[in-house]
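Step one of this worksheet: look at the structure below.
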Amino acid sequence: MGTNLKMYKNNQETVSYLKELKEKVAAFRCPELELFVIPSFTALAEAVKAAEGAIKIGAQNMYWEDAGEYTGEISPKMLKAIGVDLIEIGHSERRHKFGESNFDVNRKVLAALRYGFTPLICVGETAADKEYRITNECLREQLKIGLYGVTGDQARRLWIAYEPVWAIGVAGKPATPEYADRSHQVIKETLAELFPDCGQEIPVLYGGSVNSQNATGLMEQPAIDGLFIGRAAWEADSFAAIIKQVLAVAQKKSELTLL
Ligand code: PGA
C-alpha cells in the first residue's frame with residue numbers, strides 16, 4: 001500500500017515525512033508490507049536516500065523516450081539513475097487534466113518495464129461512464145490498450161490501482177466496498193485473460209477517498225489486495241494508523257486462505 005503526494009510536499013517536507021513514517025512503520029515489524037510513497041520530482045533523489053530501502057519510492061509520471069527534444073519531460077534513464085523503484089502511470093489527474101490517452105499510458109508502461117521499474121497503472125471510470133453503465137467496458141479498454149505488448153514475464157512486475165475518477169480528491173465520494181470489489185473482479189478477469197499464467201496474481205489496489213473509516217471495510221473485500229491513498233496518508237501519524245488497520249485485515253485474510 002502507498003500514497004501519492006501529488007503537488008503538495010516540497011523537498012524538506014517529503015524527507016521529514018518519510019523519516020517519521022519509516023520510524024512508525026518499523027514498529028509494526030512486518031516485512032511483507034510493500035509500502036510506497038510517490039513524491040514530486042524535485043524531492044525524488046533525497047526521498048530515495050531518506051527511505052533507505054524501507055519504503056519504495058515512486059515517480060508520479062515519466063516520459064517514454066530515453067533522451068531527446070522533450071522540454072519539461074523526465075526520462076526513465078534519469079529516474080533509474082537516482083534509484084526510483086516504481087512509476088505511477090495514468091493517474092486520473094494525468095488522464096483528465098493533462099490529456100493522457102490509453103496509448104500514452106501504454107508507451108510509458110513499456111518504457112517502465114524496459115528499465116526494470118514496477119509500473120503502477122491507474123485505471124478507473126468517470127462519473128459519466130458509471131452513469132451510462134460502461135464501467136466494465138472502460139476498465140477493460142484501459143487495461144487492454146495500456147498493457148498492449150507486455151509479455152507474460154513482464155506482467156509479473158505490474159501493479160494496478162483501481163481509482164474511480166468520481167471517488168478521487170476533495171470532491172470525491174469513496175466507492176462502497178462492494179462496488180469497488182466488483183470492479184476489482186472485472187480487472188482481475190481481464191488480467192487473467194491477457195496473461196493466463198500470472199494475471200490472477202497481479203496486485204490490484206483500491207484508491208479514491210480512502211480514510212481510517214473505510215480502509216478496513218475495503219480491505220476485507222476478496223478482490224482488493226491493497227490501498228492507494230491520497231489525502232488521508234499525508235500525515236505520517238494518520239497513514240501509520242491506516243497501515244495498522246490494513247495489516248490486521250491482511251493477517252485475517254491470509255489465515256482464511258490457510259484454512
Ligand atoms: P484521495 O486521492 O485519497 O485524496 O481521494 C487518491 C488518489 O488520487 O490516488
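The values are calculated or read from the model by the stated rules, or taken from the named source; none is laboratory data. Computed from a prediction, not measured in an experiment: that's the story for all the values here. Cβ coordinates were reconstructed from backbone atoms using ideal geometry, including for glycine residues, and neighbour counts include every protein chain displayed. Areas reflect the complete protein model, heavy atoms only, side chains present, ligands, DNA and RNA absent. Shrake-Rupley method; radii C 1.70, N 1.55, O 1.52, S 1.80 Å.
Here are a few things to note about the model shown:
- For Ala27 and Gln200, the difference between the fully extended length at 0.36 nm per residue and the C-alpha to C-alpha distance is 59.1 nm.
- Quarter the surface of the alpha carbon convex hull of the chain and you get the mean projected area, 13.3 square nanometres.
- Unsatisfied cross-links (Cα-Cα over 29 Å) in the set Lys80/Lys244; Lys49/Lys108; Lys19/Lys80: Lys80/Lys244
- Here is the list for region 9-88: trypsin sites (Lys or Arg not before Pro) lying in DSSP coil, each with at most 13 other C-beta atoms within 10 angstrom of its C-beta, are Arg29.
- Nonlocal amide H pairs with Ile87, under 5 Å, H built at 1.01 Å: Ala59, Thr118, Leu120
- Per-residue HN-Hα couplings for region 24-31 [Karplus 6.51, -1.76, 1.60; θ = phi - 60°; Hz; x = Gly/Pro]: 5, 6, 4, 5, 7, 6, 10, x
- Extension gain for Arg114 to Ala241 (0.36 nm times residue separation, less C-alpha to C-alpha distance): 42.1 nm.
- Amide H within-cut-off set for Thr3, under 5 Å, with H built and near neighbours excluded: Phe36, Val37, Ile38, Ile229
- Within the shell of other residues whose beta carbon sits under 11 angstrom from the beta carbon of Glu100, the net charge comes to +3, with Lys and Arg scored +1 and Asp and Glu -1.
- Positive minus negative residues near Gly2 (Lys, Arg vs Asp, Glu; Cβ under 9 Å): 0
- Given R0 = 30 Å, the distance between the Cβ atoms of Thr176 and Asp153 translates into a calculated FRET efficiency of 0.25.
- Taking a ≥ b ≥ c as the square roots of the eigenvalues of the alpha carbon gyration tensor, region 11-65 is oblate, as a/c is not under 1.5 and a/b does not beat b/c.
- Solvent-accessible area, 1.4 Å probe, carbon plus sulfur percent, for region 1-78: 50 percent
- Longest DSSP-loop-exposure-free segment, GluC sites (Glu not before Pro), the chain, at most 12 other Cβ within 10 Å: 70-259
- Residues of region 1-24 with amide N under 20 Å of a point placed 7 Å along Cα→Cβ from Ala248: 1-2, 24
- Using the 1.4 Å probe convention, the accessible area of region 17-149 works out to 51 Å² per residue with neighbouring protein chains retained.
- The Cα atoms of region 119-259 give a gyration tensor whose axes a ≥ b ≥ c have a/c of 1.5 or more with a/b no greater than b/c, which makes the shape oblate.
- Low-density loop positions, chymotrypsin sites (Phe, Trp or Tyr not before Pro), region 123-162 - DSSP coil, at most 15 other Cβ in 10 Å: Tyr132, Tyr148
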